[in-house]
Amino acid sequence: AQSVTQLGSHVSVSEGALVLLRCNYSSSVPPYLFWYVQYPNQGLQLLLKYTTGATLVKGINGFEAEFKKSETSFHLTKPSAHMSDAAEYFCAVTASTGNMLTFGGGTRLMVKP
Amino acid sequence: DTAVSQTPKYLVTQMGNDKSIKCEQNLGHDTMYWYKQDSKKFLKIMFSYNNKELIINETVPNRFSPKSPDKAHLNLHINSLELGDSAVYFCASSQRTGINEQYFGPGTRLTVT
């Protein structure tokens, strides 16, 4: 079984500041990890994913995440926040043959001008 | 063209009614899913459906039944609606092989009164 914990249900940063959204996972088998973004009243859009290989993964809109097995973490970062980054962010894990995602509770990112 | 579409976008109904939500994907994917997002934004998998193989999340009440007329469609039928069924329901699809990105629909907001 897998589980995901996102530390901080709300994160507020100033425009231009570093964005750091935290995700820790639990999995009894090698995990596949994802970050999705949800803009208001919309569906989820994939930001990036880690399956195998390089542990630093780059995604869309300048986001990246690093898989750290020893820390069971997959934190999402962006060097400089934009107002348009304000949204809900979800970390997810799967390792099942059905490819069903287990999501964390989400983190709402707010960007202040 | 919309990759994953859902109808209706909003659904308001009374307790005890039966309702259906439709989902269609034009991505040629083999696997489709239904997720439920509650009022606290928590997302949970309900079903995974691939080539007539249904994988059910055991916590889903049997009042919920997915129906797939073909691999491009996965509808969700709900019997005897309850207040606790109020949520946003998301359909998603992915390629079957391996661990693949899931593409999400825009969601259907169900309100049971």
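The values are calculated or read from the model by the stated rules, or taken from the named source; none is laboratory data. Quick caveat, the model's predicted, so the values are computed rather than measured. Every residue, glycine among them, receives a Cβ derived from its backbone with ideal geometry; neighbour counts consider all protein chains shown. Please note that ligands, DNA and RNA were not included when accessible areas were found on the heavy atoms of the full protein model with its side chains. Shrake-Rupley method; radii C 1.70, N 1.55, O 1.52, S 1.80 Å.
Out of every Cα-Cα pair in chain B, what percent are more than 23 Å apart? Mind dumping the intermediate values first?
Working: 1382 of 6328 pairs.
Of all Cα-Cα distances in chain B, 22 percent exceed 23 Å.
A plus B alone minus the pair: what accessible area, both sides summed, probe 1.4 Å, in Å² to 100? Walk me through the intermediate numbers first.
Working: alone 6110 and 6710 Å², together 11010 Å².
Summed over both sides, the interface buries about 1800 Å².
With every protein chain in place, what's the accessible area of B:Ser68 (1.4 Å probe, Å², nearest 10)?
Counting only protein heavy atoms, the figure is 40 Å².
Got a sec? What order do B:Asp18, B:Asp85, B:Asp38 fall in by accessible area at 1.4 Å, biggest, i.e. largest, first? Walk me through the intermediate numbers first.
Working: B:Asp18 85, B:Asp85 5, B:Asp38 60 Å².
The ranking, largest first, comes out as B:Asp18, B:Asp38, B:Asp85.
Partner chain Cβ atoms within 10 Å, averaged over the residues of A:44-51 - can you pull that number for me?
Numbers: counts 11, 2, 4, 0, 1, 4, 1, 4.
Mean shielding count: 3.
Counting only protein heavy atoms and a 1.4 Å probe, tell me what percentage of chain B's accessible area is made up of carbon and sulfur.
Details: 2820 of 5810 Å².
Carbon and sulfur: 49 percent of the exposed surface of chain B.
Just to be sure I understand the curve: with the Debye formula and one point per C-alpha of chain A, what is log10 I(q)/I(0) at q = 0.20, 0.22 Å⁻¹?
-1.03, -1.23
Rounded to the nearest Å, what's the spacing between the alpha carbon centres of the stretch A:54-70 and the stretch A:1-23? Just the number, please.
So the two Cα centres are separated by 14 Å.
Would you mind working out the accessible area per residue for chain A, using a 1.4 Å probe, and quoting it in Å²? Don't jump to the answer; show the numbers that get you there.
Values: 5190 Å² over 113 residues.
For chain A, the solvent-accessible area averages 46 Å² per residue.
Can you tell me the accessible area per residue over chain B, all protein chains present, probe 1.4 angstrom, in square angstrom? Before the final figure, lay out the partial values.
Values: 5810 Å² over 113 residues.
Here the per-residue accessible area is 51 Å².
Which of these, A:Leu21, A:Leu76, A:Leu101, has the largest mean-square fluctuation under a Gaussian network model of chain A (Cα springs below 10 Å)?
Ranking A:Leu21, A:Leu76, A:Leu101 by mean-square fluctuation puts A:Leu101 first.
Assigning unit charges at the beta carbon (Lys, Arg +1; Asp, Glu -1) and nothing else, what dipole magnitude in debye, to the nearest 20, does the protein assembly as shown show about its Cα centre? Display every interim value, and only then the final one.
Working: 21 positive and 17 negative charges, 35 e Å.
Using only the charged Cβ atoms, the result is roughly 160 debye.
GNM, chain B, Cα, under 10 Å: largest mean-square fluctuation among B:Asn75, B:Asn100, B:Asn50?
Answer for the Gaussian network model of chain B: B:Asn100.
For A:Val11, what residues show an amide H to amide H distance below 5 Å, using hydrogens built from the backbone and excluding near sequence neighbours?
When sequence neighbours closer than 5 places are left aside, the close amide H contacts are A:Arg108, A:Leu109, A:Met110.
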